[in-house]
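The values are calculated or read from the model by the stated rules, or taken from the named source; none is laboratory data. Since the model is a prediction, treat every value here as computed from it, not as a measurement. Positions of Cβ are backbone-derived with ideal geometry, glycine not excepted, and every protein chain shown enters the neighbour counts. Ligands, DNA and RNA are excluded from the accessible area calculation, which covers all protein heavy atoms including side chains. Shrake-Rupley method; radii C 1.70, N 1.55, O 1.52, S 1.80 Å.
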Amino acid sequence: MNKDNFLFENLSIKKLFFKFAIPSTLGMLIVALQIMIDGIFIANVVGPNGLGAINISMSLLTFSTGIAIMISSGGAVLTGMYLGDKKYKKAREVQSFTFLIYVIINIIFSLGIIIFFKEVLWFLGVTPSMVDYVKTYLSIMVAFNLFYNAPILTETFLRVNGKPNLVFFSGLIALTINIFLDYIFVVRLNLGMKGAAMATVIAAGTAALVFLPQLKFTRPRGNLQLLKTILFNGSSEMFSVLSSAVTIYVFNRAVLKYIGELGVSALTIVFYIDSLVNISLYGLTMALQPIVSYNLGAKKIKNIYSVLKISLITSGILGGIFFIFMKFYSTPLIKVFTKENLALTNLAKEVIFYYTFTYIFSFINIISGAFHTAIGKPVESVVISLSKSILFVMVPLAILPIFLGNKGIWLATPTGEALCAILSIYLLMKSIDSLDAIK
């Protein structure tokens, strides 16, 4: 394993960051495109109800993704620290233990949802016109959840093991297979929601299995304390995704209340486009975390400051670019989903007009949360995650529609991100001061 980590020792921080960031961001963009392509096929073959059904399902699927990210990030942080401290055997044991835990927890999750499937559908607020679409789609996604989220695990450890370029190819394989199978299952065989779900899990599972041999495993050695440490370290990332799942759920409820099912379909389109932005920014955190954790283990604090600065500048530039693009050039992208449905097109355009202000602030919160996870401060990261997606969003979502109507729903997220950015900057400054003591 030590031979795979020469990058951490022989490249400047700037070169190392972009060596990780470019393939990670491209790989994450491919993931976003994979999600969008499912939506495009469903929107044009099944229709708005199918599109809305995916959005209603997404809060549960996002929660399952959060579990995968918690396990992956928690294990990867420990593995990276052991690598930085030259404890290669211990790093491999933690990596192997993390994979074992991922399999066990995902099987338990899937069985639990299957047993209480009716109750889950009720909790998600599925409407009568969408219930069959949601049941068909979600039953397959949950049953094969182990494969659906597997690339998160393999790609996280490919980065930690100094193989960031393979992450891009993992995403490319998943995207190619997904497009091909979407066409076969959804269009040619007319399998609708079932076909879209089958295409997604097969594509993701294949991508993970292809690159699994690139990782070195040994007999998993761990105990309850190691399990707690992994889950605790990754809990901030899990809460970040969980808070997103809660946000999706609450937004769906609010939109159904104030606008109706067409509003949920419009929100789905916006979430698809929004995933391009957020997933690109999260791609940068995938570069940030292994570099920070490795240098923390090696006690090279100046390198940690450098990569944080580069991450903030790069993500800020990306956020600005996305803000301008989505503000003025998003209409052609919206029309890909709406199939000449004028009411749906106009509603989606209205949502994006207000929602895009999110990108001016969100990069600060995303980078700050990832940074705190990487330096072993998951509590601060959890606070950021819960604040930006629950506390600072739920309050505006409850208040703004009273005074601004539908506009208040769309402005809740940018308002929350702006408020959370103040908190994120404060916590970053405190954590930087605490790192000075390690020098």
Once you put a point 7 Å from the Cα of Met429 and another 7 Å from the Cα of Tyr258, both along the Cβ direction, what distance in nm separates them? 3.4 nm
Once the other residues with Cβ under 11 Å from the Cβ of Val167 are scored (Lys, Arg +1; Asp, Glu -1), what is the net sum? +1
Expressed to two decimals, the chain has a Cα Rg over Rh, using the Kirkwood radius, of 0.96
Out of Leu256, Cys420, Gly75 - ranked by how far each Cα lies towards the positive end of the dipole of the chain, with unit charges on the beta-carbon of charged residues - the top one is Gly75
Reciprocal mean inverse distance between Cα atoms of segment 341-396 - Kirkwood radius, Å: 13.1 Å
Roughly how many Å² of Val336 are accessible to a 1.4 Å probe, to the nearest 10? 60 Å²
Taking the Cα atoms of segment 145-194, report the difference between the largest and smallest coordinate on each principal axis, in whole Å and largest first. 42, 20, 8
Length-normalised contact order of segment 225-357 in % [C-alpha pairs under 8 Å, at least 6 apart]: 28 percent
Taking Lys and Arg as +1 and Asp and Glu as -1, residues besides Thr338 with C-beta under 14 Å from its C-beta add up to +1
Can you sort Lys228, Lys302, Lys327, Lys216 by solvent-accessible area, 1.4 Å probe, largest first? Lys302, Lys228, Lys216, Lys327
Using alpha carbon centroids, what distance separates segment 242-270 and segment 58-84, in Å? 26 Å
Stretched fully, the stretch from Ser129 through Lys216 gains (0.36 nm per residue minus C-alpha distance, one decimal, in nm) 26.5 nm
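Kindly provide the helix-only [θ] at 222 nm of the chain, computed as the sum of -39,500 (n - 2.57) over DSSP H runs of four or more divided by all residues, to the nearest 500 deg cm²/dmol?
Working: 19 runs with 366 residues, N = 439.
Here the helix-only value at 222 nm equals -28500 deg cm²/dmol.
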Given a 1.4 Å probe and heavy atoms of the protein chains only, how would you sort Ile35, Ile402, largest accessible area at the top? Ile402, Ile35
For segment 161-175, Karplus couplings with θ = phi - 60° (6.51, -1.76, 1.60), whole Hz, Gly/Pro x: 8, x, 10, x, 5, 5, 4, 4, 5, 4, x, 5, 4, 4, 5
Are any of the pairs Lys300/Lys377; Lys118/Lys335; Lys163/Lys299; Lys163/Lys335; Lys86/Lys302 more than 27 Å apart by Cα-Cα distance, and if so, which? Lys118/Lys335; Lys163/Lys335
For Lys339, go through the lysines and keep the ones whose alpha-carbon is under 18 Å away, minus same-chain ones fewer than eight residues off. Lys349
How large is ³J(HN,Hα) for each residue in segment 184-200, as worked out from phi by the Karplus curve 6.51 cos²θ - 1.76 cosθ + 1.60 (θ = phi - 60°), to whole Hz, x for Gly and Pro? 5, 6, 7, 8, 6, 8, 6, 8, x, 4, 4, x, 5, 5, 4, 4, 5
Would you mind giving the average projected area, over all directions, of the Cα convex hull of segment 251-345 in nm² with one decimal? 7.9 nm²
Rg from C-alpha atoms of segment 400-439, normalised by the globular rule of thumb 2.2 N^0.38 Å, equals 1.87
Most positive-pole-ward Cα, Leu226, Phe180, Asn190, against dipole of segment 140-285 from beta carbon charges: Leu226
Solvent-accessible surface ranking, highest first, for Thr358, Thr136 at 1.4 angstrom: Thr136, Thr358
Probe 1.4 Å, protein heavy atoms only - accessible area per residue of the chain in square angstrom: 40 Å²
What figure in square angstrom, to the nearest 10, would you give for the accessible area of Lys14 with a 1.4 Å probe? 130 Å²
Can you tell me, using C-alpha contacts under 8 Å and at least 6 residues apart, the relative contact order of the chain as a whole percent? 24 percent
Per-residue ³J(HN,Hα) for segment 212-224, Karplus 6.51 cos²θ - 1.76 cosθ + 1.60, θ = phi - 60°, Hz, x for Gly and Pro: 4, x, 6, 9, 8, 10, 9, 5, x, 10, x, 9, 4
To the nearest 10 Å², what's Lys86's accessible area with a 1.4 Å probe? 100 Å²
For the chain, with all protein chains present and a 1.4 Å probe, just round the carbon and sulfur fraction of the accessible area to a whole percent. 70 percent
